[in-house]
Each structure stands twice: as C-alpha cells, then as structure tokens.
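Colleague: This is the structure I want to talk about, given as structure tokens.
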Amino acid sequence: MRRPVLDVSALPPIAYGSRTTIWWGVLGLIAIEGAALALTAVAALYLRQNFMTWPPYGTPPPGLAAATANVVLLALSVWPMYVADRAAQRERRLPVIIALGIACVFNVATLALRGFEFAALNCWWDDHAYGSAVWLLLGMHAAHLVASAIENVLLLALVVKGPLERKHFVDVHVNALYWYFIVAVWVPVYVLVFLAPRWS
Amino acid sequence: MSAELAVRDVDDAATRAALEVTWAPPRGVLGLLGTVNHKVVAIRYIVSAFVFFALAGVLALVMRAQLAYPEARLVGPDLYNQIFTVHGSTMMFLFAVPVMEAMGLYLVPLMVGTRNVAFPRLNAFGFWIYLIGGALLWGAFLLNAGPDAGWFAYVPLAGPDQAPGKRIDVWAQMITFTELAALVGAVELVVTTLKLRAPGMSLNRVPLFVWAMLVTAFMVIFAMPAIMVASTMLAMDRLVDTHFFNVAEGGDALLWQHLFWFFGHPEVYIIFIPATGFVSTIVQTFARRPIVGYPAMVLSLIATGFLGFGLWVHHMFATGLPKLGESFFTAASMLIAIPTGVQIFCWLATLRSGRVLVRAPLLYVLAFVATFVLGGLSGVMVASAPLDLQLHDTFFVVAHLHYVLIGGSVFPLLGALHYWLPKMSGRMPSEGLGRLTVAILFVGFQLTFFPMHQLGLAGMPRRVYTYLPETGWGPLNALSSVGAALLGVAVLLFVANVAWTLRRGARAEDDPWGADTLEWSTTSPPPAYNFVHIPVVESRHPLWTHPSPRVVTGLRIDVREVLVTDAIDAVPDHRHMLDGPTLYPFLTAMAAGIGIITAIFTPWGITVGVVLTLPPLIGWFWPAGEAIAGTTREKA
Ligand code: HEM
Ligand SMILES: [Cu+2]
C-alpha cells in the first residue's frame with residue numbers, strides 16, 4: 001500500500017543529555033531525593049525551635065576537619081567525573097576507564113571521611129532530637145555516597161570488561177549527572193550540620 | 001540526519017509479522033514474573049488494587065454493621081481501631097493512588113502513540129514492590145498485628161511509648177513499599193509523556209487525560225518524599241530510639257502533622273486529578289465535540305497541582321496555630337475551588353453544546369458531578385477554620401472525605417473502566433447492567449454518607465466503636481448501614497458486569513464509542529507493541545480529523561525500538577531500544593522486600609536489603625551480550 005510516511009531510519013540510535021529518556025529518569029530521581037533532603041533539612045530547622053541552644057547544652061558543636069576536607073574532596077571529584085562524562089559523550093573507552101577509575105577512588109575516599117564525620121558529630125542519635133536530626137541528615141547523604149560507589153564501581157567494571165554497547169556510554173554520562181547532584185547537595189548539608197551549630 | 005517526509009510502499013503484513021515475533025509475550029515463569037509489557041503490568045496493578053478495594057470494602061461493611069445500632073457487640077474497641085486504620089490505609093495507599101497510576105500506565109503509552117513505557121523493567125519492579133507492601137499490611141492484619149492508630153498514624157499515639165508492639169512499624173514499612181511504587185510509576189508517566197510522544201503531538205495537542213496524569217505524577221514526585229521522610233523518622237523513633245517526635249528530648253509531635261499533611265493534602269489531588277482526566281475524556285467522547293476551553297482545562301490542572309501544596313495546614317486548624325496562619329490557609333483552601341470550578345463549567349458547557357449520547361460511562365460522570373458539588377460544599381465549610389474547630393474529628397469529616405474520595409474519584413474511575421473495558425478486553429460491557437450499577441451506586445452512596453453529615457453535627461465522633469442509645473444517633477446510623485449494603489451490591493454488580501463482558505460480551509471494534517484519542521486507532525485489545533506503525537499526529541483530535549494519517553516508518557522491528565521525540569513539540573529526535581522481559585525486577589523486589597520487612601524488627605534489615613538486592617540488580621543491568629548487529633527495519 002502506498003501512503004504518506006515519516007521515515008525515521010536516518011535518525012541516530014543513540015543520544016545524550018536531555019534528548020534521552022534516561023536523562024529525564026535520572027532528573028526525576030534527583031528531584032525525589034532533593035525533595036526528601038530538603039524536607040529533612042526543614043524538619044531539622046523546625047526542631048531547632050525547640051532548643052535554647054543548638055546544639056543543646058552539654059553537647060559540643062561538631063568538629064569541622066573531616067567534613068571540610070570532604071567539601072574539598074567532593075569538589076575536586078567533579079573534575080574526573082566531568083572528564084569521564086565528556087569522554088563518554090565522545091564514546092572513547094580508555095579515557096572513560098581512567099577518569100571513572102579516578103572518580104571511584106575519590107568516591108571511596110569521601111566514604112572513608114564520612115566515618116570520621118559521624119564521629120565528629122560529638123553526640124549519638126538517641127541523645128536528643130538534635131542528635132537525631134544531624135545523624136539523619138548526614139546519614140541520608142552517606143546513603144547517596146554508598147549508592148553512588150556501588151554504581152560507579154559496577155559501571156567501571158562494565159566499561160573495562162563487559163560486553164560494551166554504545167548505550168553504556170549514555171549510562172556513564174547520566175551517572176555523572178547524579179554525581180554532580182550528590183556533590184551539590186553536600187554544600188547545604190555541610191552548612192546545616194557542621195556550620196549552623198556554631199552560629200547560635 | 002533527520003526524519004524525512006515521503007510517500008512509500010508500506011507492507012503492513014510483513015511489519016506486523018516481525019513485530020509479533022519481537023514483542024512476543026514471554027511464556028511460563030518468565031511470562032508470569034518477568035513480563036515488562038505495560039498493559040499486562042497495568043492490568044495486574046488494576047486487578048490487585050480492586051482486590052484491595054474489595055477487602056477494605058468488607059472492612060467498611062463490618063464497621064457499618066457494628067455502628068448500625070447502639071452498643072453492638074460485633075467487634076471490640078481494639079479490633080475496631082485496627083479495622084478503620086486498615087480500611088483507610090488500604091483505600092488510600094493500596095487502592096486509590098495505585099489504581100490511578102495503573103490506569104495511566106495502561107493508557108498513557110497508547111494515548112501518546114508509543115510501544116511501551118520509558119523504563120519497562122522499572123515499571124515491573126514498581127508493581128512487585130507494591131504487591132509486597134499490600135501483602136505485608138494484610139498479612140499483619142490477619143495476624144492481629146494490623147496498625148491501629150488511624151490512617152495518618154499521629155504521634156504520640158503512634159510513638160514507641162503509646163504503641164508498643166509492631167503494629168505501627170508494619171504501617172511505616174507499608175508506606176515505604178507503596179511510596180516507592182508510586183514514585184516509580186510517577187517517573188514512568190513523566191518520562192513517557194515528555195519523551196515518547198508520537199511525532200507531531202506537541203504539548204498543546206496532548207489529550208487531557210495525559211495532562212492530568214502528568215500533573216499527578218509531578219505531584220507524586222514532590223509530595224511522596226514528605227511521607228517517606230516522616231515514616232522513616234517514625235520507624236527510627238520506634239526502632240533505634242531517635243527523638244524526632246519525642247517532646248521530652250526536644251522532638252515535636254506537630255512536626256509529624258506538618259510532614260504528613262504536606263503529603264496528605266496533595267494526596268487528595270493525586271487521587272482526584274486523574275479522575276478529572278477520566279471525566280474530560282468521557283464528556284468529550286459522549287458530547288461528540290471537542291472539550292470547551294482546552295487551554296483553561298490545562299491551566300486549571302496545573303494550577304490545582306501547585307495550589308494543592310499550599311493547603312496542608314487546613315488539616316491542623318485544631319492544633320492552635322497562629323491566627324494569621326489560619327486565615328491564610330483558610331483563604332488558600334477557598335482559592336483552590338476556582339480551578340476546580342473552571343473545570344466543572346467547561347464540562348457542563350461541553351455537554352450543553354454537544355450532541356450528547358447517553359451511555360453508562362457518562363452516567364457515572366453525571367453522578368460524579370452531582371456528588372462532587374455537594375462534597376466540595378462541605379469541603380469549603382471545613383476549610384474555614386472556625387467551623388472546622390466544631391466539626392473536627394466528627395462524622396461530618398468522614399462524610400466529607402467519602403464525598404470527595406468516592407464521589408470525586410471512585411465514580412469517575414468506575415465510569416472510566418466501563419469506558420475502556422472494550423479496549424482492554426476486546427469486548428463490550430453490558431449497557432443495561434452498567435446503568436443499573438450507576439443507579440444503585442448513587443442511591444447507596446447518598447444513603448450511606450449523607451446522614452453522616454447530620455451525625456457529625458449532632459456530635460458523633462469518628463473512630464468510636466460504639467455509642468449509647470441515649471445519644472439518639474441510632475436511626476441515622478441504621479440508615480447509613482443500609483446504604484452501605486446497597487453500595488456493596490453496586491460493587492458486586494460492577495464486578496458481575498466485568499465478568500459477563502469477559503465471557504459473553506460482544507466483540508468490540510477498534511473505536512466503539514467514536515472517540516478521538518490514539519488508543520482507539522489500534523485493535524481492541526491492542527497488540528503487545530500497541531501500534532503496527534507509530535502514528536503521526538496532526539491535530540488535537542487525531543481520530544476525528546484525519547482518518548488515514550501519515551505513519552512513521554524506519555524503526556527497527558527486530559528489536560524493541562521506539563521513537564524518542566522532543567519534550568515540547570514532539571519533533572522526532574532519535575531511535576531508542578527498550579529492554580525486554582526478565583526475572584530480575586521481580587527478584588530485586590523480593591530482595592528489597594525481605595530487607596524492608598526485616599527492618600520492622602531490626603535496623604540490620606537495611607544492610608540485609610542492600611546485600612540481597614545487589615546480585616539481582618547487577619543481573620538486571622549487566623548486558624546480556626546478545627547479538628545486536630541485525631538492523632531489520634520496517635519496509636519503507
Ligand atoms: C465503599 C464504601 C465505604 C464505606 C461504607 C466506608 C465507610 C467508612 C467508615 C464508616 C469510616 C469511619 C470509621 C470511623 O471513623 O469510625 C471510614 C473511614 C475512612 N474511609 Fe471509608 N468507606 C468506604 C469507602 C472508602 C473509600 C473508597 C475510601 C478511599 C478511597 C475510603 C477512605 C477512608 C478513610 C481515609 C477513612 C478514615 C480512616 C481513619 O479514620 O483513619 N473509604 N470509612
Ligand atoms: Cu486537605
């Protein structure tokens with residue numbers, strides 16, 4: 001049968017950025033996790049109204065060293081991730097392997113620092129609502145770091161030895177998007193958990 | 001490289017034969033647990049949601065039997081607490097939200113003209129997680145461990161001191177499951193709508209139902225995190241002694257209410273907005289003319305979506321908030337009546353100016369309009385802070401919420417199922433039985449819930465398991481219980497109609513109602529791949545304006561390829577391969593389920609969950625390494 005058609009066979013079988021479905025999917029994930037973090041932050045500020053001082057009397061404010069080091073480390077980690085991202089968009093395997101490998105090292109290092117950050121909170125979650133709030137905020141961000149570590153290592157393994165398909169470069173690309181989000185939200189979490197208790 | 005307009009020889013038979021192979025439904029275990037066909041998943045979702053609706057309905061009948069006369073001895077106070085909590089929680093979390101999303105998951109890909117949802121495996125995962133959550137709640141209830149602090153589980157009543165045992169923990173983890181599923185569904189709906197629309201379906205041509213689901217999905221994305229945060233805090237307070245809600249240690253009980261209602265009020269719109277999508281669709285089809293005021297309708301939907309987030313405090317007027325705040329939220333609550341009013345006027349104007357064909361789905365809609373106007377009125381009443389103080393926690397509120405939820409959502413939903421049943425099943429439902437169902441439903445509903453307004457004004461509190469004869473509440477309660485029995489009959493009639501349709505119904509044509517949207521351009525029921533050719537859309541009402549449209553060719557048909565278009569104008573952008581059936585989403589859901597349920601008893605459940613889900617997750621994403629060299633295309 002002859003009929004008018006729209007022939008799409010010349011369109012590319014792959015794309016990057018907001019052109020793809022997976023980019024929008026990851027954006028959705030970011031929106032969800034961003035909303036959850038924002039609400040937790042608001043809840044912490046709400047609880048703060050119940051305290052004469054924040055942290056409450058008897059609890060020293062949190063130590064800054066590890067957390068501040070993590071600000072630096074996370075900021076630096078953007079660079080290898082960005083390189084991996086760009087290399088992925090050019091579909092070049094070796095640069096992706098190297099850059100993603102470095103990003104993995106950064107990711108694991110931030111997790112190690114996170115252990116010291118928890119210790120530096122100077123209280124337990126069951127001491128008082130202050131303790132509950134700061135542990136939850138820090139814990140939520142830590143959960144993102146863990147999830148990302150698993151994802152980064154698996155992606156790296158895939159790029160190194162899996163049956164690599166072009167779509168996996170898109171995965172590396174959107175994985176970077178998620179990492180940027182984790183780095184970005186660390187700033188407000190850091191301010192709220194580590195700096196704000198020194199201001200009151 | 002771009003898409004090319006042309007006139008070609010198109011071999012439909014060959015294309016169809018190839019698509020049948022590529023999209024063939026899996027058999028055996030894989031078919032049972034591994035399918036990723038959005039229609040199969042959605043129908044399972046809808047059927048499960050209706051099973052939960054029936055179960056919660058049975059609980060409602062038990063409550064009505066218990067309240068039918070003073071000092072009844074059918075159920076005691078403890079069981080009654082569990083019953084209304086499980087009834088409310090099931091209706092909200094296991095029926096209303098999931099069933100609306102499931103309707104979207106069935107219809108949206110068909111209405112926007114694509115072959116599946118954007119992430120088929122994730123979609124299957126969402127369904128399994130939902131099912132486990134439902135099984136958890138009902139399993140616990142049957143073991144006498146059903147939650148008993150009301151569907152909003154207020155602290156301190158739900159806190160560790162006043163609610164020892166595991167009942168509330170079951171509730172909190174049921175929330176984890178159902179919100180996860182709701183969020184998965186929302187992401188599917190957003191991305192499918194924005195990126196998989198048929199070429200030419202620019203945003204101003206998107207069917208109103210799809211618009212409604214899009215707004216709903218955005219609301220889910222921003223509302224559900226609130227209750228996930230809240231229920232996580234509650235579970236932690238109960239399990240690891242945090243103090244989020246423990247006033248003695250600087251925690252705050254009102255924090256729970258804020259977080260809950262920041263989700264809970266939008267929740268009402270998450271249930272109601274899809275229903276307006278059903279209504280718009282049905283009104284347009286049976287008025288046989290384009291809806292009046294399409295832009296106004298779309299703007300109303302969006303406005304409702306935003307305003308829905310500004311109202312949560314009206315559930316807390318009785319908590320003694322600052323006066324100015326109360327006035328603000330009173331005003332905002334009244335404001336939201338405006339976009340809803342606009343929609344109602346557009347529907348009425350469409351009907352007034354159309355050539356109306358009266359069929360059962362339209363009767364459901366009329367029952368909805370009548371009921372909803374009444375429910376909205378009582379809503380505007382309780383939205384005002386001074387009046388709410390009087391009526392708070394009385395049966396007036398029970399009446400109001402059922403007017404909105406049943407009148408506003410269940411009526412349109414049943415109408416929608418009647419309307420789309422021919423597409424889903426390939427057979428026509430009985431018109432006569434449908435009309436009878438509407439009539440009994442409407443009468444039963446008014447009998448059940450109208451008297452509750454009066455009971456509330458007369459001072460009958462909600463959530464009491466019985467009352468004394470001297471209160472004088474007996475006769476109206478008896479009336480209400482008779483109505484509930486009628487409602488039960490109506491639901492049975494509806495189910496009977498579906499059963500009859502599946503066995504005896506006349507074969508349905510592609511477009512039995514003469515509707516305009518794309519799902520009616522394919523066979524009833526649609527094939528696994530939905531369309532032989534992806535359609536090209538040239539107007540807002542594709543089936544009304546050009547019966548033999550241009551179609552898309554050049555997609556690969558030896559793999560599950562779909563066309564990705566741009567978010568605003570639906571200009572073809574690239575081709576994209578979707579994943580096929582696999583057991584991994586099911587296994588991942590099982591593993592996560594074990595972890596979450598373990599977390600009811602010990603915080604190590606989280607660790608267990610992470611460790612258990614890792615292997616199936618790897619299996620899910622690790623490429624199977626199949627040959628992907630072939631490039632069979634549609635003959636063009
Ligand atoms: C089918 C007929 C139904 C009947 C006869 C019915 C009956 C009742 C009754 C008598 C109560 C009040 C219990 C009390 O406070 O003592 C109640 C509560 C409730 N119902 Fe229904 N109901 C029905 C359907 C629904 C539906 C479809 C939904 C939601 C979609 C729903 C949602 C709720 C909620 C959220 C509560 C509040 C539970 C609580 O207090 O925690 N009901 N229902
Ligand atoms: Cu509300």
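The values are calculated or read from the model by the stated rules, or taken from the named source; none is laboratory data. Computed from a predicted structure; not experimentally measured. Please note: Cβ atoms are built from the backbone with ideal geometry, for glycine as well, and neighbour counts cover all protein chains shown. Protein only, heavy atoms only, side chains kept; ligands, DNA and RNA dropped before computing areas. Shrake-Rupley method; radii C 1.70, N 1.55, O 1.52, S 1.80 Å.
Colleague: With respect to the numbered conditions (1) at pLDDT below 95; (2) open to solvent by 40 Å² or more (accessible area, probe 1.4 Å), which one is the sole condition not fulfilled by A:I14?
Modeller: (2)
Colleague: Considering only residues that are within 16 Å of ligand 2 (Cβ to nearest atom) and in contact (Cβ under 8 Å) with a residue 60 or more places away in the chain, look in the range B:298-310 and name the one that is most open to solvent (accessible area, probe 1.4 Å).
Modeller: Looking at residues that are within 16 Å of ligand 2 (Cβ to nearest atom) and in contact (Cβ under 8 Å) with a residue 60 or more places away in the chain, I get B:F309.
Colleague: What do you reckon, is B:F396 within 16 Å of ligand 1 (Cβ to nearest atom) and touching a helix residue (DSSP H, G or I) at 6+ places or on another chain (Cβ under 6 Å)? If you could, list the steps in order and put the result at the bottom.
Modeller: Values: within 16 Å of ligand 1 (Cβ to nearest atom): yes; touching a helix residue (DSSP H, G or I) at 6+ places or on another chain (Cβ under 6 Å): yes.
Spelling it out, B:F396 is indeed within 16 Å of ligand 1 (Cβ to nearest atom) and touching a helix residue (DSSP H, G or I) at 6+ places or on another chain (Cβ under 6 Å).
Colleague: Separate question: Can you name every residue in the range B:43-78 that is surrounded by 17 or more Cβ atoms within 10 Å (Cβ to Cβ) and over 14 Å from B:S481 (Cα atoms)?
Modeller: Matches in the range B:43-78: B:I43, B:R44, B:Y45, B:I46, B:S48, B:A49, B:F50, B:F52, B:F53, B:L55, B:A56, B:V75.
Colleague: Okay, next question. Can you pull out every residue in the range B:597-607 that is assigned to a helix (DSSP H, G or I) and more than 16 Å from A:A147 (Cβ to Cβ)?
Modeller: Of everything in the range B:597-607, those that are assigned to a helix (DSSP H, G or I) and more than 16 Å from A:A147 (Cβ to Cβ) turn out to be B:I597, B:T598, B:W604, B:G605.
Colleague: I'm checking my understanding of the structure. Among residues of the range A:174-199 that are over 21 Å from A:L111 (Cβ atoms) and away from chain B (no Cβ under 14 Å), which one is surrounded by the most Cβ atoms within 10 Å (Cβ to Cβ)?
Modeller: Only one residue tops the list, namely A:A196.
Colleague: Looking only at residues in the range B:515-567 that are under 22 Å from B:S280 (Cβ atoms) and of a type in the set (S, T, Y), which one is most open to solvent (accessible area, probe 1.4 Å)?
Modeller: Here the answer is B:T545.
Colleague: Further question: Quick one: which residue in B:A360, B:A370 is among the small types (G, A, S) and in contact with a Pro (Cβ under 8 Å, 6 or more places away or on another chain)?
Modeller: Working: B:A370 fails: in contact with a Pro (Cβ under 8 Å, 6 or more places away or on another chain).
One residue alone meets the criteria, B:A360.
Colleague: I'd like the full set of residues that are at pLDDT 75 or above and within 15 Å of ligand 2 (Cβ to nearest atom), limited to the range B:313-327.
Modeller: If the condition is that a residue be at pLDDT 75 or above and within 15 Å of ligand 2 (Cβ to nearest atom), then B:V313, B:H314, B:H315, B:M316, B:F317, B:A318, B:T319 are the ones that fit.
Colleague: For the structure I just gave you, tell me whether A:G131 is free of Cβ contacts under 8 Å to residues at least 40 places away in the same chain, within 14 Å of another protein chain (Cβ to nearest Cβ) and touching a Phe, Trp or Tyr at 6+ places or on another chain (Cβ under 9 Å).
Modeller: Spelling it out, it is not the case that A:G131 is free of Cβ contacts under 8 Å to residues at least 40 places away in the same chain, within 14 Å of another protein chain (Cβ to nearest Cβ) and touching a Phe, Trp or Tyr at 6+ places or on another chain (Cβ under 9 Å).
Colleague: Using the structure shown, decide if B:F395 is open to solvent by less than 40 Å² (accessible area, probe 1.4 Å), within 30 Å of B:D78 (Cβ to Cβ) and of a type in the set (F, W, Y).
Modeller: Spelling it out, B:F395 is indeed open to solvent by less than 40 Å² (accessible area, probe 1.4 Å), within 30 Å of B:D78 (Cβ to Cβ) and of a type in the set (F, W, Y).
Colleague: A further question follows. State whether the residues of the range B:225-241 include one that is open to solvent by less than 40 Å² (accessible area, probe 1.4 Å), within 27 Å of B:L180 (Cβ to Cβ), in contact with a helix residue (DSSP H, G or I) (Cβ under 9 Å, 6 or more places away or on another chain) and of a type in the set (S, T, Y).
Modeller: Checking the range B:225-241: at least one residue is open to solvent by less than 40 Å² (accessible area, probe 1.4 Å), within 27 Å of B:L180 (Cβ to Cβ), in contact with a helix residue (DSSP H, G or I) (Cβ under 9 Å, 6 or more places away or on another chain) and of a type in the set (S, T, Y).
Colleague: Can you tell me which residue is most open to solvent (accessible area, probe 1.4 Å) among those in the range A:34-53 that are touching a residue at least 12 places away in the same chain (Cβ under 8 Å) and facing another protein chain (nearest Cβ under 8 Å)?
Modeller: Restricting to residues being touching a residue at least 12 places away in the same chain (Cβ under 8 Å) and facing another protein chain (nearest Cβ under 8 Å), the top hit is A:N50.
Colleague: Additional query: Only one residue in B:P322, B:P290, B:P295 is on the phi < 0 side of the Ramachandran plot, away from ligand 1 (no atom under 16 Å from the Cβ), surrounded by fewer than 21 Cβ atoms within 10 Å (Cβ to Cβ) and within 14 Å of chain A (Cβ to nearest Cβ). Which one?
Modeller: Details: B:P290 fails: within 14 Å of chain A (Cβ to nearest Cβ); B:P295 fails: within 14 Å of chain A (Cβ to nearest Cβ).
Exactly one of B:P322, B:P290, B:P295 is on the phi < 0 side of the Ramachandran plot, away from ligand 1 (no atom under 16 Å from the Cβ), surrounded by fewer than 21 Cβ atoms within 10 Å (Cβ to Cβ) and within 14 Å of chain A (Cβ to nearest Cβ), namely B:P322.
Colleague: In addition: Give the range B:325-348 a look and list any residue that's surrounded by fewer than 19 Cβ atoms within 10 Å (Cβ to Cβ) and of a type outside the set (V, I, T), or say none.
Modeller: Hits for the range B:325-348 are B:G325, B:S327, B:F328, B:A331, B:A332, B:M334, B:L335, B:A337, B:G341, B:F345, B:L348.
Colleague: Follow-up question, since we're still on this one. Would you confirm whether any residue within the range A:149-162 is more than 15 Å from B:F621 (Cα to Cα) and under 14 Å from the mean Cα position of the chain (by Cα)?
Modeller: Yes, the range A:149-162 contains at least one residue that is more than 15 Å from B:F621 (Cα to Cα) and under 14 Å from the mean Cα position of the chain (by Cα).
Colleague: Further, regarding this structure: Could you tell me whether A:L100 is away from chain B (no Cβ under 13 Å) and part of a helix (DSSP H, G or I)? Can you show your working first?
Modeller: Numbers: away from chain B (no Cβ under 13 Å): yes; part of a helix (DSSP H, G or I): yes.
Spelling it out, A:L100 is indeed away from chain B (no Cβ under 13 Å) and part of a helix (DSSP H, G or I).
Colleague: State yes or no: is B:M201 in contact (Cβ under 8 Å) with a residue 60 or more places away in the chain, more than 10 Å from chain A (Cβ to nearest Cβ) and in a loop (DSSP other than H, G, I, E, B)?
Modeller: yes
Colleague: Name the single residue, out of those in the range B:242-259 being within 8 Å of chain A (Cβ to nearest Cβ) and of a type in the set (G, A, S), that is surrounded by the fewest Cβ atoms within 10 Å (Cβ to Cβ).
Modeller: B:G250
Colleague: If you don't mind, another one. Going through the range A:98-124 one residue at a time, which ones are loosely packed, with under 15 Cβ neighbours inside 10 Å and closer than 30 Å to A:G162 by Cα?
Modeller: A:I98, A:V105, A:V108, A:A112
Colleague: Mind checking whether some residue in the range B:358-371 is within 16 Å of ligand 2 (Cβ to nearest atom), in contact (Cβ under 8 Å) with a residue 60 or more places away in the chain, closer than 19 Å to B:M103 by Cβ and open to solvent by less than 10 Å² (accessible area, probe 1.4 Å)?
Modeller: Taking the range B:358-371 first, the residues within 16 Å of ligand 2 (Cβ to nearest atom) are none.
Taking every residue of the range B:358-371 in turn, none turns out to be within 16 Å of ligand 2 (Cβ to nearest atom), in contact (Cβ under 8 Å) with a residue 60 or more places away in the chain, closer than 19 Å to B:M103 by Cβ and open to solvent by less than 10 Å² (accessible area, probe 1.4 Å).
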